[in-house]
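Written below as structure tokens is the structure these notes are about.
The values are calculated or read from the model by the stated rules, or taken from the named source; none is laboratory data. Please read these numbers as outputs of a predicted model, since none were measured by experiment. Heads up, the Cβs are rebuilt from the backbone with ideal geometry, glycines too, and the neighbour counts pull from every protein chain shown.
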Amino acid sequence: MPSSHSSSLTSRRRFWVRWLQAAALAHLLVGVGLTWAGHSLLLNDYQLSIEQAFWGQAAPVPARNQQVWWLALFGATLQSYSLYMLGLIHLGDRLRSHQAWAWLIAGIVLWAPQDALISLQVGIWSHLVVDGVALLVLIPPLLWLYRHDRSVFTVKGLERG
């Protein structure tokens with residue numbers, strides 16, 4: 001393999017790893033925002049879209065407060081998920097482990113269709129858009145890294161558990 005081709009693959013791999021790290025950090029920031037900005041004007045339109053799906057109008061104050069509470073819990077969960085994501089990205093990068101990329105792919109493939117279906121059942125189309133963007137942003141680099149690190153694993157005959 002020519003060194004320029006190898007260098008190009010190394011650069012591409014580094015780019016995709018950084019891309020995924022940025023996506024994981026974005027998940028962390030969104031999680032913090034959902035946890036601590038539920039009552040802010042930033043999330044008001046989103047909250048209203050959910051309320052209209054269930055109430056047909058703005059929800060009563062106790063229902064809005066419960067929704068903000070659920071959103072905060074989801075935000076905390078998303079923060080935790082983002083740290084697991086960063087950990088798997090770090091391991092995948094450091095160990096050149098195709099298995100780390102496969103676990104990330106599996107988690108996304110498990111989450112996205114369910115999230116989309118549950119959201120569409122109540123007419124929340126914005127989640128479908130977010131899910132689609134997440135799939136487009138995450139799956140192509142993860143597949144590339146999986147294939148790249150799998151070929152390195154196969155070529156070198158490494159035996160990792």
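Annotations
- Members of segment 34-46 found to be modelled with pLDDT under 95, in a helix (DSSP H, G or I), of a type outside the set (A, V, I, L, M, F, W, C) and touching a Leu at 6+ places or on another chain (Cβ under 9 Å), listed by number: 46
- Picking from residues in segment 91-108 that are surrounded by 12 or more Cβ atoms within 10 Å (Cβ to Cβ) and either more than 19 Å from residue 139 (Cβ to Cβ) or aliphatic (A, V, I, L, M) (or both), the one that is nearest to the chain's Cα centre (by Cα) is 108.
- Residues satisfying the criterion are present in segment 126-140 (criterion: more than 16 Å from residue 23 (Cβ to Cβ) and touching a residue at least 24 places away in the same chain (Cβ under 8 Å)).
- Of the candidates 112, 72, the single residue that is touching a Ser or Thr at 6+ places or on another chain (Cβ under 6 Å) and either of a type in the set (Val, Ile, Thr) or free of Cβ contacts under 8 Å to residues at least 60 places away in the same chain (or both) is 72.
- Test: residue 77 is surrounded by 14 or more Cβ atoms within 10 Å (Cβ to Cβ) and either touching an Asp or Glu at 6+ places or on another chain (Cβ under 9 Å) or modelled with pLDDT of 95 or more (or both): no
- One residue alone among 71, 88, 145 is closer than 30 Å to residue 45 by Cβ, crowded, with 17+ Cβ neighbours inside 10 Å and either of a type in the set (Gly, Ala, Ser) or modelled with pLDDT of 95 or more (or both), and that residue is 71.
- Verdict on residue 58 being surrounded by 12 or more Cβ atoms within 10 Å (Cβ to Cβ), more than 23 Å from residue 123 (Cα to Cα) and among the small types (Gly, Ala, Ser): no
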